[in-house]
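Only one structure is covered here, and it is reproduced in the block below.
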Amino acid sequence: MHSIAANISILRRVVPENVTIVAVSKTKPPGMIMEAYASGQRDFGENRVQELLAKKDILPADIRWHLIGHLQTNKVKYIASFIAMIESVDSFKLLSTIDREALKAGRKIDCLLQIHIATEETKFGFSIEEIKEMLNDKAFHDLNNVVVRGVMGMATFTDNFDIVRREFRQLRLYFEELRQAYFLNNPYFREISMGMSGDYMTALEEGSTIIRVGSLIFGER
Ligand SMILES: *Cc1c(COP(=O)(O)O)cnc(C)c1O
């Protein structure tokens, strides 16, 4: 097996310069995160608030932490002061809670709208109809402390790349549709977070701007 630094440099060679690599460090110890950090990696992804807080406390302050897992509204207050991006926004209730906590923390928080594109029922996320409904509602436009930067999605867990490609393509079409209809003069709405260790090449081909890679960097969980 390669070192973490080697895995990252291999990944950087194939991923375009303008694509953000989020190193998904969930379940991995701080020492491994520091190895990635030493090779220049700054964006890290965690899916559980408690684990994120424990790591954040002892790791460098210039790490950009991405929350990538389902977030309960009552936990937002613990991360509002520092989180770089919340990629897993899946309800208006959550978004408005983030807005309120961002105001209290005196900052704006970057968010992605998670869209359900997989066939599995278990995965979180808005339907496209729910997002449109939210964006058409005046209440959404009263949120001044969240910056909606784009969309996030997870493909079906399958080794059939035709299915995965179709889902990523759909996510990109949703992104374009939302951009045209709601964010046309908004330069912040530009991110499509899709692609993990097993499918990031397909995601890049379909227009991903953020990939979230865990096991390929840190090894199997
Ligand atoms: C765990 C996780 C990843 C990374 O998965 P790997 O297959 O290890 O790359 C990406 N996105 C989300 C939302 C995850 O929970």
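The values are calculated or read from the model by the stated rules, or taken from the named source; none is laboratory data. Note that this is a predicted model, so its numbers are computed, not measured. Note: ideal-geometry Cβ built from the backbone for every residue, glycine included; neighbour counts use all protein chains shown.
Figures for the structure shown
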| item | result |
| --- | --- |
| So Asn18, is it more than 13 Å from the ligand (Cβ to nearest atom) and either at pLDDT 95 or above or in contact with a Ser or Thr (Cβ under 6 Å, 6 or more places away or on another chain) (or both) | yes |
| Residues of segment 68-121 satisfying the condition of being among the β-branched types (Val, Ile, Thr), assigned to a loop (DSSP other than H, G, I, E, B) and closer than 20 Å to Val24 by Cα | Ile68, Ile83 |
| Of the criteria (1) over 27 Å from Ser197 (Cα atoms); (2) over 18 Å from the mean Cα position of the chain (by Cα); (3) buried (at least 19 other Cβ atoms within 10 Å of the Cβ), which one Ala36 fails | (1) |
| Within segment 1-20, considering residues that are loosely packed, with under 13 Cβ neighbours inside 10 Å and not small (Gly, Ala, Ser), the one nearest to Ile86 (Cα to Cα) | Asn18 |
| Selection count, segment 165-221, where residues are among the small types (Gly, Ala, Ser) and away from the ligand (no atom under 14 Å from the Cβ) | 2 |
| Test: residue in segment 185-193 that is part of a loop (DSSP other than H, G, I, E, B), free of Cβ contacts under 8 Å to residues at least 12 places away in the same chain and within 27 Å of Glu35 (Cα to Cα) | no |
| Residue among Ala23, Ala54 that is within 16 Å of the ligand (Cβ to nearest atom), of a type in the set (A, V, I, L, M, F, W, C) and either part of a strand (DSSP E or B) or surrounded by fewer than 16 Cβ atoms within 10 Å (Cβ to Cβ) (or both) | Ala23 |
| Conditions (1) aromatic (Phe, Trp, Tyr); (2) surrounded by 15 or more Cβ atoms within 10 Å (Cβ to Cβ); (3) under 18 Å from the mean Cα position of the chain (by Cα); number of the one not met by Tyr188 | (2) |
| Selection from segment 204-218 of residues that are of a type outside the set (Lys, Arg) and under 20 Å from Leu67 (Cα atoms) | Ser208, Thr209, Ile210, Ile211, Val213, Gly214, Ser215, Leu216, Ile217, Phe218 |
| Test: residue in segment 127-141 that is crowded, with 18+ Cβ neighbours inside 10 Å and more than 23 Å from Leu184 (Cβ to Cβ) | no |
